[in-house]
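Asker: Take a look at this one; I'll ask things after.
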Amino acid sequence: MLRLKMKTDPFWVKNVVENNISEILTDHAYCEQKAASTAISLIVQYPEHEELVEKMTDLAQEEMGHFKMVFREIQKRGFKLGRERKDSYVNELVKFIRVKGKNREQALADKLLFAAMIEARSCERFKVLSEHIDDKDLAAFYHKLMISEARHYTMFLKLARQLCPHVDVNQRWEEFLAYEGEVVSNYGKKEEIHG
């Protein structure tokens, strides 16, 4: 379904995540906060699209709810929420967005596909976590979030196709998949959701 070009090696869970649960949860919390910020940013940039505004309003609330859920997991384990760190993976994906020029529709399509890409990779990472982490509570937690990420991924793709009729969204999605496959080959070694 996700059609990602590269899968996450379960080695990441066993040898990175399980030795750094506090770090991975902090990184995850900020990923949820950034997802909410992206939804709000889309509302501000494209208020003329009523369906987008409605869906992004709901998404921002849901993502902050996820932030709170992750924060509770941090507290439950006696950890503290650490400082936000930069997400190099996301920063590399941002470089692929075409926003120069005056084509608002192309820019919107790319921003929606960018969001879909992050949700797709997060979904895949949460699946790997849910299947390979020894902590049964976290396995169930990540399985639940994997389902949400899959729903978000498909929502962003659908919105791109609906709101950007003059853009070949399917072709651009193929380009995103190929680019992300190259980018993600450098990741999967750090205590970060995308790292």
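A short reminder: the numbers here are calculations on the coordinates, not readings from a lab. Treat the numbers as computed from the prediction; the structure is a model and nothing was measured. Using ideal geometry, Cβ is built from the backbone for each residue, glycine included, and neighbour counts are taken over all protein chains shown.
Asker: Give me the base-10 log of I(q)/I(0) for region 59-168 at each q in 0.14, 0.24 Å⁻¹, Debye formula, one uniform scatterer per Cα, rounded to two decimals.
Answerer: The calculated log intensity ratios at q = 0.14, 0.24 Å⁻¹ are -0.69, -1.37.
Asker: If you build the convex hull over the alpha carbons only and average its shadow over all orientations, what do you get for region 90-137? Give it in nm² to one decimal.
Answerer: Over every viewing direction, the Cα hull of region 90-137 projects on average to 4.1 nm².
Asker: From the C-alpha coordinates alone, can you work out the Kirkwood hydrodynamic radius of region 71-112, in Å?
Answerer: Computed over Cα pairs of region 71-112, the Kirkwood hydrodynamic radius comes out at 13.3 Å.
Asker: May I pose another question? Does anyone have the angle between helix 136-163 and the longest principal axis of the chain? Alpha-carbon axes, 0 to 90°, nearest 10?
Answerer: For helix 136-163, the angle is close to 0 degrees.
Asker: Of the listed peptides 113-122, 86-95, 22-31, what is their order by residue-averaged count of other C-beta atoms within 10 Å, with the highest listed first?
Answerer: Top of the packing list down: 113-122, 22-31, 86-95.
Asker: Could you work out the mean projected area of the convex hull around the alpha carbons of region 112-154, in square nanometres to one decimal?
Answerer: Mean shadow area of the hull around the Cα atoms is 2.4 nm².
Asker: Can you give me the Cα centroid spacing of region 92-147 and region 55-87 in angstrom?
Answerer: 15
Asker: Moving on. Could you give the alpha-carbon Rg of region 147-193 over 2.2 N^0.38 Å, rounded to two decimals?
Answerer: Its radius of gyration relative to the 2.2 N^0.38 Å reference: 1.42.
Asker: Can I ask one more? Please rank C123, C164, fewest neighbouring Cβ atoms within 10 Å first, as an exposure proxy.
Answerer: Least to most surrounded, the residues fall as C164, C123.
Asker: Show me, for region 44-61, the HN-Hα J-couplings you get by feeding each phi into the Karplus relation (A = 6.51, B = -1.76, C = 1.60, θ = phi - 60°), rounded to Hz, glycine and proline as x.
Answerer: 5, 7, 10, x, 6, 9, 4, 5, 4, 4, 5, 5, 6, 5, 4, 5, 4, 5
Asker: Taking N as the number of residues in the chain, what is its alpha-carbon radius of gyration divided by 2.2 N^0.38 Å?
Answerer: In units of the 2.2 N^0.38 Å rule of thumb, it is 1.01.
Asker: Moving to a separate point now. Mind checking Rg over Rh on region 1-51, alpha carbons, Kirkwood formula for Rh?
Answerer: Answer for region 1-51: 1.18.
Asker: What is the dipole size for the chain, taken about its Cα centre, with +1 at each Lys and Arg Cβ and -1 at each Asp and Glu Cβ, in debye to the nearest 20?
Answerer: 240
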